[in-house]
Amino acid sequence: MSAPDTLPLAPLVIDRVRVVDPSRGIDADGAVIVAGGRIVAAGPEALNQGRPDGARVIDGAGCVVIPGLVDMRAFVGEPGFDHRETFASASRAAAAGGITTLVTMPDTDPVIDDPALVDFVLRRARDTAVVRIHPMAALTKGQAGQEMTEIGLLKEAGAVGFSSGRSTVTNAQVLRRTLTYARDFDALVCHLPEDPDLRGSGVMNAGDTAVRLGLSGIPAEAESVVLARDLRLARLSGGRYHASAVSTAEAVDLIAWAKDLGIHATAAVPITNLTLNEIDVGAYRTFFKTQPPLRSEDDRRALVEALARGVIDVVVSNHDPQDVETKRQPFAEAADGAIGVETLLSAGLRLVHSGDVPLSRLVDAMSTRPAALLGLEGGTLRPGAPADLALVDLDEPWVLSEADILSRSKNTPYEGARFSGRVCATFVGGRAVFER
Amino acid sequence: MTTPDIKPPGFERPHLLGIDGLTRHEIVDLLDRSEANVLIGRQAQKKGSSLRGRTQINLFFEASTRTQSSFELAGKRLGADVMNMSVAASSVKKGETLIDTAVTLNAMNPDVIVVRHHAAGAVALLAQKVGCSVVNAGDGAHEHPTQALLDALTIRRHKGRIERLTVAICGDILHSRVARSNILLLTALDARVRLVGPSTLIPSAFRDMGLEVTTSMREGLEDADIVMMLRLQRERMQGSLVPSVREYFRYYGLDPEKLAWARPDALVMHPGPMNRGVEIDPAVADGPQSLIREQVEMGVAVRMAVLDAVVNGRGNGGEAGR
């Protein structure tokens, strides 16, 4: 784990603030007290014991304190693509978005499939990042989909999960054995359900818009066929399966089915698939080209509803920095991917303001639930937990402009978008890593 | 008046195709008969005559150095004429079926055929087609009965008993005929058998059959009297059953640290050939708790007993039957 430096730190009190802590079912006005980098108390009765001496006091009037976000799916360019994003730039952007733990994908160059590389990531992150960085290791060697990685040794080295990244393990026997083996180490197997053959040359959701634009489509079945297979393999093996990014109404039905049967399966949805749809592609705007693709409005609505019900467990940024070279291309030739750590929470708050998703469920899906799935300490304001938290003004109106983006890459689908709600400050281990 | 001596019947079968189906009395009978052969093997004069004039064919469809030479030596010490069928030179390579081979060999009137085959059930199939005794020297991942008998003999000579001993069988259970025969034999003699290995190498059905199964060497070795290691074939890596040799050794390789979790007087066994540094550390393989070399010696003694029993036993009508 990469902890920010731990010089002596004054205690912190955030007063007159709404405290939302899904881990304890708290949503009430109160205060948060932090000392020694950990939560001392958080909630309506937090100040009953008095304030610590010499504390920094922040007036939180009109704001909400939430546990810092835990983003389970972020691509960072280091090593190999430092020009797109480094741990330093990604972590600063994440801090501005209220994220205190960033889980990085292994699809780098080289692929993170060896314990020494996990160690490299942790060292680089410790030296350069302002938020906690936890790497996921590759699910298969070289992400080639043929041989499982050294799940035991990689986990010991610090990998918090095992991800197929942008790729899919097409060989069912390989995935079955990997799930079986991973179970012995209680390792989380994160898989992207996308059949590469059904996707074929597809570049956006199959449907009216694709036909009108003359682009080849990716059918929903590219996702559901693989997901249906995966969930049955999860049942067969007893392993812990997590769908890294789902985008369709069909996927929602499958996950609900699996959960009803007691299969150890969870799913995440990218924030883009909750807040945007295929029509946003408009005139071949490549920043809206993502993996999984933006789907129909019906799919989006089904995902939002599934998030509210808890069928979808987790919301991820699916942060994927791409540079001009890979994005200023004809739509079909441009790379997939959109950045998302800075806008994760603000975009998510749209669903809260629209009344579709309660705030506590959104925070649960962006913080508490992912921390629990990954076995991390964060995601809670429980006394004794690391003081990873974000102070948020739920109603502050703002417009995203490219100049404000901290990420090294600027491929955001939200440029010029209006948001209500913005992170005011972010704390990692009780230390302010971002303040507006 | 004395009560009639109702001794339960010993081993009187024409074939030894597996441990499955043998009674504990048959097993104990074979072990008892092997004991005498151990002494013979340590004498200067080792040659006996119980199979004099008899013909033994070792028919090995799968390469084997130790099992084949052990059966060869066992037959020769009993006075049999032993012929080794070399697979590379045989007509099997030219497309002859297993049954054709059996019928051909049968026409040469052997007294016993010792068979190893890569397919489970092949030895039993062959036994139906020949008129002589058949001994299974390993069929696929099914059974290797003489290995289980020699392991039991080795254990009994050191611990004085089999019953109530805790035996941990560790490693690639999935592909192991040695494990299956040992599980059958040891449970028949009331030992407590534990299976230890990664879930990819232990069929879940063993758990359903009531055996103790664990993925943790620490759990599996705790209070173990016997630690039985199995060979991990390197081909298993390509099959993506385990990720690498170094990870396998880290979690399942028997090194002095892991062996210390077992009872202080625990003994280590391995059917061979060993992969040092994969499933077993050289310090353990060649250490004071290792019985591995002694297992080889017991192998000859057990196979002498088995060959003698199937050829001369009442199951074959005895000497007079021929």
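The values are calculated or read from the model by the stated rules, or taken from the named source; none is laboratory data. Keep in mind that what you see is a predicted model, and the values were worked out from it rather than measured. FYI the Cβ positions are ideal-geometry reconstructions off the backbone, even for glycines, and counts take in every protein chain you see. Protein only, heavy atoms only, side chains kept; ligands, DNA and RNA dropped before computing areas. Shrake-Rupley method; radii C 1.70, N 1.55, O 1.52, S 1.80 Å.
Quick look at the numbers
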{"read-out": "Unique match (being touching a Phe, Trp or Tyr at 6+ places or on another chain (Cβ under 9 Å), open to solvent by 10 Å² or more (accessible area, probe 1.4 Å) and under 15 Å from A:VAL316 (Cβ atoms)) among A:ARG166, A:ARG124", "value": "A:ARG166"}
{"read-out": "Filter result (part of a loop (DSSP other than H, G, I, E, B) and either surrounded by 18 or more Cβ atoms within 10 Å (Cβ to Cβ) or among the aromatic types (Phe, Trp, Tyr) (or both)) within region A:30-43", "value": "A:GLY37"}
{"read-out": "Unmet requirement for B:GLY131, which otherwise passes all of (1) surrounded by fewer than 20 Cβ atoms within 10 Å (Cβ to Cβ); (2) in contact with a Ser or Thr (Cβ under 7 Å, 6 or more places away or on another chain); (3) not hydroxyl-bearing (Ser, Thr, Tyr)", "value": "(2)"}
{"read-out": "Single match in A:THR272, A:THR290 (criterion: outside any loop (DSSP other than H, G, I, E, B) and of a type in the set (S, T, N, Q))", "value": "A:THR272"}
{"read-out": "Number of positions in region A:44-63 that are small (Gly, Ala, Ser), under 29 Å from the mean Cα position of the chain (by Cα) and crowded, with 20+ Cβ neighbours inside 10 Å", "value": "1"}
{"read-out": "Residue in region A:183-226 that is surrounded by the most Cβ atoms within 10 Å (Cβ to Cβ), counting only those that are in contact (Cβ under 8 Å) with a residue 24 or more places away in the chain and more than 26 Å from A:MET105 (Cα to Cα)", "value": "A:LEU215"}
{"read-out": "Some residue of region A:180-191 being in contact with a strand residue (DSSP E or B) (Cβ under 9 Å, 6 or more places away or on another chain), away from every other protein chain (no Cβ under 14 Å) and not aliphatic (A, V, I, L, M)", "value": "yes"}
{"read-out": "When residues of region B:244-268 are limited to those that are within 14 Å of chain A (Cβ to nearest Cβ) and open to solvent by 60 Å² or more (accessible area, probe 1.4 Å), the one modelled with the highest pLDDT", "value": "B:ARG250"}
{"read-out": "Residue in region A:15-25 that is surrounded by fewer than 17 Cβ atoms within 10 Å (Cβ to Cβ) and of a type in the set (Val, Ile, Thr) present", "value": "no"}
{"read-out": "Answer residue from region A:317-333, given it is in contact (Cβ under 8 Å) with a residue 60 or more places away in the chain and out of contact with any Asp or Glu (no Cβ under 6 Å at 6 or more places or on another chain) and is farthest from A:ALA251 (Cα to Cα) among those", "value": "A:ASP323"}
{"read-out": "Selection count where residues are open to solvent by 60 Å² or more (accessible area, probe 1.4 Å) and within 22 Å of B:GLU247 (Cβ to Cβ), scope region B:211-227", "value": "2"}
{"read-out": "The lone exception for A:PRO397 - which of (1) open to solvent by less than 70 Å² (accessible area, probe 1.4 Å); (2) closer than 30 Å to A:THR286 by Cα it fails", "value": "(1)"}
{"read-out": "Residue within region B:232-243 that is open to solvent by 10 Å² or more (accessible area, probe 1.4 Å), more than 14 Å from chain A (Cβ to nearest Cβ), outside any loop (DSSP other than H, G, I, E, B) and farther than 20 Å from A:ASP184 by Cα present", "value": "no"}
{"read-out": "Of residues in region B:181-210 being assigned to a loop (DSSP other than H, G, I, E, B) and open to solvent by less than 30 Å² (accessible area, probe 1.4 Å), the one farthest from the other protein chains (Cβ to nearest Cβ)", "value": "B:LEU189"}
{"read-out": "Region A:315-334: number of residues that are closer than 24 Å to A:ARG92 by Cα and out of contact with any Lys or Arg (no Cβ under 6 Å at 6 or more places or on another chain)", "value": "9"}
{"read-out": "Residues within region A:139-169 that are more than 10 Å from chain B (Cβ to nearest Cβ) and touching a residue at least 40 places away in the same chain (Cβ under 8 Å), tallied", "value": "12"}
{"read-out": "Selection from region B:53-103 of residues that are of a type in the set (Lys, Arg) and either closer than 18 Å to B:LYS129 by Cα or modelled with pLDDT under 95 (or both)", "value": "B:ARG66, B:LYS93, B:LYS94"}
{"read-out": "Within region B:39-139, helices (runs of 4 or more DSSP H) holding 1 or more residues that are in contact with a His (Cβ under 8 Å, 6 or more places away or on another chain) and more than 15 Å from B:LEU16 (Cβ to Cβ)", "value": "B:98-106"}
{"read-out": "Subset of region B:10-28 that is assigned to a helix (DSSP H, G or I) and touching a residue at least 60 places away in the same chain (Cβ under 8 Å) - its residue that is farthest from B:LYS76 (Cα to Cα)", "value": "B:ARG24"}
{"read-out": "First in region A:363-381 and on the phi > 0 side of the Ramachandran plot and crowded, with 23+ Cβ neighbours inside 10 Å, second anywhere and outside any loop (DSSP other than H, G, I, E, B) and among the aliphatic types (A, V, I, L, M), Cβ under 8 Å, 6 or more apart", "value": "A:GLY379/A:VAL70; A:GLY379/A:ALA371; A:GLY379/A:ALA372"}
{"read-out": "Residue selected from region B:269-302 under the condition open to solvent by 60 Å² or more (accessible area, probe 1.4 Å) and in a loop (DSSP other than H, G, I, E, B), by the criterion modelled with the lowest pLDDT", "value": "B:PRO273"}
{"read-out": "Meets criteria (surrounded by fewer than 22 Cβ atoms within 10 Å (Cβ to Cβ) and either among the polar types (S, T, N, Q) or touching a helix residue (DSSP H, G or I) at 6+ places or on another chain (Cβ under 7 Å) (or both)) for A:PHE419", "value": "yes"}
{"read-out": "Residue match in region A:126-138 (condition: away from chain B (no Cβ under 14 Å), among the charged types (D, E, K, R) and without any contact (Cβ under 8 Å) to a residue 24 or more places away in the chain)", "value": "yes"}
{"read-out": "When residues of region A:64-106 are limited to those that are more than 15 Å from the chain's Cα centre (by Cα) and aromatic (Phe, Trp, Tyr), the one modelled with the highest pLDDT", "value": "A:PHE87"}
{"read-out": "All positions within region A:227-269 that are touching a residue at least 24 places away in the same chain (Cβ under 8 Å), open to solvent by 10 Å² or more (accessible area, probe 1.4 Å) and assigned to a helix (DSSP H, G or I)", "value": "A:ALA228, A:ARG229, A:LEU233, A:ARG235, A:LEU236, A:ALA249, A:GLU250, A:LEU254, A:ALA256, A:TRP257, A:LYS259"}
{"read-out": "Identity of the residue in region B:260-292, among the hydrophobic types (A, V, I, L, M, F, W, C) and touching a Gly at 6+ places or on another chain (Cβ under 8 Å), that ends up nearest to B:GLY220 (Cα to Cα)", "value": "B:VAL268"}
{"read-out": "The one condition in (1) under 14 Å from A:GLN291 (Cβ atoms); (2) touching a strand residue (DSSP E or B) at 6+ places or on another chain (Cβ under 7 Å) that A:LEU198 fails to fulfil", "value": "(2)"}
